[in-house]
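One structure is given below, encoded as C-alpha cells.
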Amino acid sequence: MAKKYNYPSEETLRKMDRKLAKTRGTLATPPDASPLYLLKSELCAQFVIYQRQHELTQKELAQALDLSEARMSEILHYRHDRFTADLLTKYLSKIIPKLKIKIA
C-alpha cells in the first residue's frame, strides 16, 4: 500500500513564504571572522544559553535587561554589529552577575 502524504496546500505555502520573507534568521559566523567578531558571537551565545536554561521568552529576557524586544532579538539572532563587546558584556553581567570571560 502506497504511503499517503498530507502536504500543505499551495495557498498555505504561499502564506508561509510571505511570512518568512519578512523575517531575519540567525547570522552564521563567516570562516574569516575576526577575534572581535568571535567574541561578540560567543557573548550572544551566552544569552541564548541563559534564555533556554531559564525557560524565558524573548520578551521576559528583554524586560530583565531593560531592553526592547527588537534589541533583544538582535542579540539572540547574533546580529551584534550594532553592539560593542563592552555593551554585550554589560547586559550579560546583569543576568549573570559572576560573569567571567577567558580569552585563550
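Using each residue's phi in segment 71-76, evaluate 6.51 cos²θ - 1.76 cosθ + 1.60 at θ = phi - 60° and report the 3J(HN,Hα) Karplus result to the nearest Hz, with x for Gly and Pro.
The phi angles translate into 5, 5, 4, 4, 5, 5 Hz.
Report the accessible area of ILE96, computed with a 1.4 Å probe over the heavy atoms of all protein chains in place, in Å² rounded to the nearest 10.
50
Please find, in a Gaussian network model of the chain (springs between Cα atoms separated by less than 10 Å), the residue of LYS94, LYS15, LYS59 whose mean-square fluctuation is greatest.
Evaluated over the chain, the most mobile residue of the options is LYS15.
Using a 1.4 Å probe over the heavy atoms of the protein chains, calculate the carbon and sulfur portion of the accessible area of the chain as a whole percent.
Exposed carbon and sulfur together represent 55 percent of the surface.
What 222 nm value per residue comes from the helices of the chain, counting each DSSP H run with n ≥ 4 as -39,500 (n - 2.57) and dividing by all residues, nearest 500 deg cm²/dmol?
Mean residue ellipticity, 222 nm, calculated: -17000 deg cm²/dmol.
Please build a GNM for the chain, connecting alpha carbons under 10 Å apart, and tell me which residue among ARG71, ARG52, ARG14 fluctuates the most.
With Cα springs under 10 Å in the chain, the top fluctuation among ARG71, ARG52, ARG14 is at ARG14.
List the GluC sites (Glu not before Pro) within segment 19-104 that DSSP assigns to loop and that have no more than 16 neighbouring Cβ atoms inside 10 Å.
Of the GluC sites (Glu not before Pro), the ones in loops of segment 19-104 whose Cβ has at most 16 other Cβ atoms within 10 Å are GLU55.
Classify segment 11-61 as rounded, prolate or oblate, taking a ≥ b ≥ c as the square roots of the eigenvalues of its Cα gyration tensor: rounded when a/c is under 1.5, otherwise prolate if a/b is larger than b/c and oblate if not.
It comes out oblate by the Cα gyration axes.
Would you tell me the accessible area of ASP17, worked out with a 1.4 angstrom probe on the heavy atoms of the protein chains, in Å² to the nearest 10?
The value for ASP17 is about 100 Å².
With respect to the cross-link table entries LYS40/LYS102; LYS40/LYS94; LYS19/LYS40; LYS40/LYS90; LYS59/LYS90; LYS59/LYS102, which display a Cα-Cα separation exceeding 22 Å?
LYS19/LYS40; LYS59/LYS102
Within segment 37-52, whose backbone N sits under 19 Å from a point 7 Å along Cα→Cβ of LEU87?
37-48
Per residue, how much accessible area does segment 47-104 have with a 1.4 Å probe, in Å²?
The answer is 69 Å² per residue.
Between ALA64 and ALA33, what is the FRET efficiency for a Förster distance of 22 Å, r being their Cβ-Cβ separation, to the nearest 0.05?
0.15
The values are calculated or read from the model by the stated rules, or taken from the named source; none is laboratory data. On a predicted model such as this, the values are computed, not experimentally measured, just so you know. Please note: Cβ atoms are built from the backbone with ideal geometry, for glycine as well, and neighbour counts cover all protein chains shown. These accessible areas exclude ligands, DNA and RNA; they are computed on the full protein's heavy atoms, side chains included. Shrake-Rupley method; radii C 1.70, N 1.55, O 1.52, S 1.80 Å.
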